[in-house]
Amino acid sequence: MKLLLTLVILGSPVFAAPIKTHLIFSIDQGFGNGVVVNGDVEAITRMVQALEPIRERYDVSVLLNPMIKDKQRLKLALDSLVKLKMPFVLDVISSDSFTLGANGPANEPFDSSHGLSISVEQLAELKTTYGVSLVGLRFMEIFGQDYGIRAMKTTNPELKRPGDKLPADTFFRPDLAEGFIRFAKEHAMLVQWADFGWMPFSPWDKAMPNYTEQVKALLRQHPGVVTVTYNNNEPNEASIPRLSTWHTAVESFPKDGAAGYGLSNQSWLHNFTYMDTKPEEIIAWTQSALDKNCRFIQFEPAWYFFNLPAGTFELGHSTKVPDGTKPGEATESLKQLSAFLLSALSPTNKP
């Protein structure tokens with residue numbers, strides 16, 4: 001039987017629609033040749049159209065980073081998504097907002113030293129403008145970046161890029177995360193907490209046990225808001241052998257108040273590159289998540305799934321794609337993933 005929610009109204013049962021698995025596709029992480037900085041509405045439109053076939057079976061939204069300096073370009077992108085009736089999620093704390101934020105000439109994050117793309121006050125303005133179209137927030141690689149910054153300060157100063165702004169304290173600030181979680185709870189929004197740096201997969205990071213307890217405290221403070229996801233882009237291809245065990249890093253968080261656990265499914269599976277990852281690998285990870293009844297799967301980077309140039313720190317054109325193709329169209333990888341998703345037995349249609 002399908003999983004159904006049963007409501008009782010005036011003594012009579014009413015059967016609501018099945019809960020759909022939420023799929024989130026990144027469309028722009030703040031790169032200098034992305035669709036946002038280029039105001040490429042045509043490419044955004046094609047990206048949304050490429051996702052249309054799976055929207056009947058899945059709850060689909062797109063993800064982007066709002067740290068761009070030219071807020072009119074951000075508005076243009078968000079207005080386009082509203083017109084296309086595509087819900088969106090915003091990166092609010094991200095390693096991208098530390099690296100791309102400080103070193104990308106088109107970007108101006110609120111506080112790059114702590115990876116804040118925007119402030120809670122700026123987020124409130126966007127929520128007022130876009131209402132129900134703004135469905136969620138993402139925290140991305142807080143712990144991976146925190147470890148990197150500690151290395152920059154001590155053992156590996158050569159890792160620091162010229163523009164990087166190192167925080168005087170730590171990159172991970174529970175109080176900053178709590179402000180966004182509280183906002184999301186007040187506005188019935190989702191929060192994705194995505195990282196590869198979870199225990200027990202990060203024994204090399206001595207700060208992780210304490211950080212894990214701080215995350216659990218936040219989940220208990222605001223239960224039912226945050227979905228914790230495992231990023232399968234661990235350095236040195238460490239994620240590859242975890243295909244059948246990745247969930248053990250995040251499956252315990254619902255006991256402490258997480259809304260659930262899920263997967264950040266990335267083509268950076270192979271040494272942070274994307275060319276070496278085959279569509280069959282992305283599909284295998286997606287199947288693994290569905291088999292575990294995960295209701296939340298997020299995909300990136302944009303140019304693996306959509307016909308776009310690979311992201312650069314420098315300014316560039318989003319229209320630089322091979323002859324005979326159009327920016328934003330589905331790549332062969334997305335076409336194969338879509339075919340799989342439409343035939344897969346997701347949690348909502350298993351016997």
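Listed values, structure above:
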{"read-out": "Qualifying chymotrypsin sites (Phe, Trp or Tyr not before Pro) for segment 194-225 [loop in DSSP, other Cβ within 10 Å: at most 14]", "value": "204"}
{"read-out": "Above-threshold pairs, the threshold being 23 Å between Cα atoms, out of 85/320; 20/292; 69/127; 160/206; 20/85", "value": "85/320"}
{"read-out": "Segment 66-84-segment 111-137 distance, computed between alpha-carbon centres (Å)", "value": "12 Å"}
{"read-out": "Counting all C-alpha pairs of segment 6-343, share separated by more than 31 Å (%)", "value": "28 percent"}
{"read-out": "Charge context of residue 260, other residues only, Cβ under 11 angstrom, K/R +1, D/E -1", "value": "+1"}
{"read-out": "Local electrostatic count at residue 232 - Lys and Arg +1, Asp and Glu -1, tallied over other residues with Cβ under 12 Å", "value": "-4"}
{"read-out": "Qualifying GluC sites (Glu not before Pro) in segment 280-322, DSSP loop, other Cβ atoms within 10 Å at most 12", "value": "314"}
{"read-out": "Ranking of 283, 149, 142 by count of other Cβ atoms within 10 Å, fewest first", "value": "283, 149, 142"}
{"read-out": "Amide hydrogen neighbours beyond the local backbone of residue 260, cut-off 5 Å, H modeled", "value": "228"}
{"read-out": "Ranked 182, 57, criterion: other C-beta atoms within 10 Å, fewest first", "value": "182, 57"}
{"read-out": "Cleavage-rule hits (chymotrypsin sites (Phe, Trp or Tyr not before Pro)) in segment 15-64: DSSP loop, at most 15 neighbouring Cβ within 10 angstrom", "value": "none"}
{"read-out": "Ordering of 287-297, 220-230 by burial proxy (mean other Cβ atoms within 10 Å per residue, highest first)", "value": "220-230, 287-297"}
{"read-out": "Computed helical MRE - 222 nm, the chain, DSSP H runs ≥ 4 contributing -39500 (n - 2.57), nearest 500", "value": "-10000 deg cm²/dmol"}
{"read-out": "Packing-based exposure ordering (other Cβ within 10 Å, fewest first) of 83, 127", "value": "83, 127"}
{"read-out": "Contact order normalised by residue count of segment 6-343, Cα under 8 Å, 6+ apart, percent", "value": "19 percent"}
{"read-out": "Bins of 5 Å from zero: percent of alpha-carbon pairs in segment 183-324", "value": "2, 9, 17, 19, 17, 14, 11, 7, 2, 1, 0"}
{"read-out": "Spin-label pair residue 314/residue 207, simplified geometry with 7 Å Cα→Cβ offset, distance in nm", "value": "3.3 nm"}
{"read-out": "C-alpha center-to-center spacing [segment 174-252, segment 294-317] in angstrom", "value": "22 Å"}
{"read-out": "Residues of segment 286-314 with amide N under 11 Å of the 7 Å Cα→Cβ point at residue 325", "value": "303-310"}
{"read-out": "Built amide H within the under 5 Å cut-off of residue 299, gap 5+", "value": "24, 25, 26, 265"}
{"read-out": "Residue-span extension gain [residue 240 to residue 291] - 0.36 nm each, minus C-alpha spacing", "value": "16.6 nm"}
{"read-out": "Residue 72-residue 185 FRET efficiency (beta carbon distance; Förster radius 30 Å; 0.05 resolution)", "value": "0.50"}
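Read-outs throughout are calculated quantities, based only on the coordinates presented, and are distinct from any laboratory measurement. This is a predicted model, so every value here is computed, not measured. A quick note on method: Cβ atoms are made from the backbone with ideal geometry, for glycine too, and the neighbour counts reach across all protein chains shown.
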